[in-house]
Amino acid sequence: MRPGPPILGHVPSPEFRYEDLLPTGPDDGPTHFPRPQDPADAWAELAAGNRRFVDGTHLHPNQDAATRNQLAAGQRPFALIFGCADSRVAAEIIFDQGLGDLFIVRTAGHVVDAGVLGSIEYGVQVLDIPLVGILGHDSCGAVAATVEALDTGPMPGGYLRDLVERVTPSVLAARQAGLLGTDDIEAEHVRQTGRLLMERSRVIGDAVAEGRCAIVGLVYDLADGQARIVDSAGDIGVAGGS
Ligand SMILES: [Zn+2]
């Protein structure tokens, strides 16, 4: 493998070209940069990408035809993002990543169901992904709908009710902890979601307990573009939020 891949957490120099990292032999993997191997490296890469997005210094990595072609042989994403389906919270964009980098699972309000758990177990167990990010955000409609239902009584119809029912435990936990502000409730929903994944899934819980995987809880700020840590389980190399 050629030397000179981008150092994790650093923005490559202007001369840097991802094309230079194309595999040169059969042992090379399908990605253009060394795949982060542990939770801390994975978080460093995500954090660096989010800084590039916020600063406007995007690299738009791994979106070229050569990468696309290589990835047809298989995927080895370095992080799994389980986030809200909100159109403003697109993980590949806000973390400045490309094809093959992130395994994405999204539902409105990042509510957990069997399909979500199975998808995350696939990422953690089969793809050996070292980091799961829970990605909530401010002004989340699912959280707002739940607060409204709890405050006013009527539940929404159809399967919207299912969303509200799945967010309700987080809102109740926030209130029990004295967290009444919208931002605080959204952060608590992210924390509760991470804990729920570990409690409901033995695969995820064991992977975190054994240090093969970590969970980082993030709240994304729609206006400034930053994904801030509000919780973590396992070693992500930095303090685990509030
Ligand atoms: Zn949302």
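Remarks
- Top-ranked residue of the stretch 146-155 - restricted to ones that are within 16 Å of the ligand (Cβ to nearest atom) and surrounded by 15 or more Cβ atoms within 10 Å (Cβ to Cβ), ranked as farthest from the chain's Cα centre (by Cα): ALA149
- Inspection of the stretch 86-93 finds a residue satisfying the criterion of being within 16 Å of the ligand (Cβ to nearest atom), surrounded by fewer than 19 Cβ atoms within 10 Å (Cβ to Cβ), at pLDDT 95 or above and β-branched (Val, Ile, Thr).
- Under the condition of being more than 13 Å from the ligand (Cβ to nearest atom), outside any loop (DSSP other than H, G, I, E, B) and either within 18 Å of GLY225 (Cβ to Cβ) or in contact with a helix residue (DSSP H, G or I) (Cβ under 7 Å, 6 or more places away or on another chain) (or both), the residues counted in the stretch 70-85 number 3.
- Subset of the stretch 110-166 that is farther than 30 Å from ILE236 by Cβ and among the small types (Gly, Ala, Ser) - its residue that is modelled with the lowest pLDDT: GLY153
- Members of the stretch 117-145 found to be touching a His at 6+ places or on another chain (Cβ under 9 Å) and either more than 16 Å from the ligand (Cβ to nearest atom) or outside any helix (DSSP H, G or I) (or both), listed by number: ILE134, LEU135, GLY136, CYS140
- Flag if ILE104 is within 16 Å of the ligand (Cβ to nearest atom) and out of contact with any Leu (no Cβ under 8 Å at 6 or more places or on another chain): no
- Hey, GLN63 in a loop (DSSP other than H, G, I, E, B) and buried (at least 23 other Cβ atoms within 10 Å of the Cβ) or not: no
- When residues of the stretch 90-116 are limited to those that are among the aliphatic types (A, V, I, L, M) and part of a helix (DSSP H, G or I), the one farthest from LEU59 (Cα to Cα): ALA114
- Residues located in the stretch 215-233, provided they are of a type outside the set (Val, Ile, Thr) and surrounded by fewer than 24 Cβ atoms within 10 Å (Cβ to Cβ): ASP221, LEU222, ALA223, ASP224, GLY225, GLN226, ARG228, ASP231, ALA233
- Set GLU188, GLU148, GLU165: member being touching a residue at least 12 places away in the same chain (Cβ under 8 Å), assigned to a helix (DSSP H, G or I) and among the acidic types (Asp, Glu): GLU188
The values are calculated or read from the model by the stated rules, or taken from the named source; none is laboratory data. Everything numeric here is computed off the predicted structure, so don't read it as measured data. Glycine also receives a Cβ, built like all others from the backbone with ideal geometry; neighbour counts cover every protein chain displayed.
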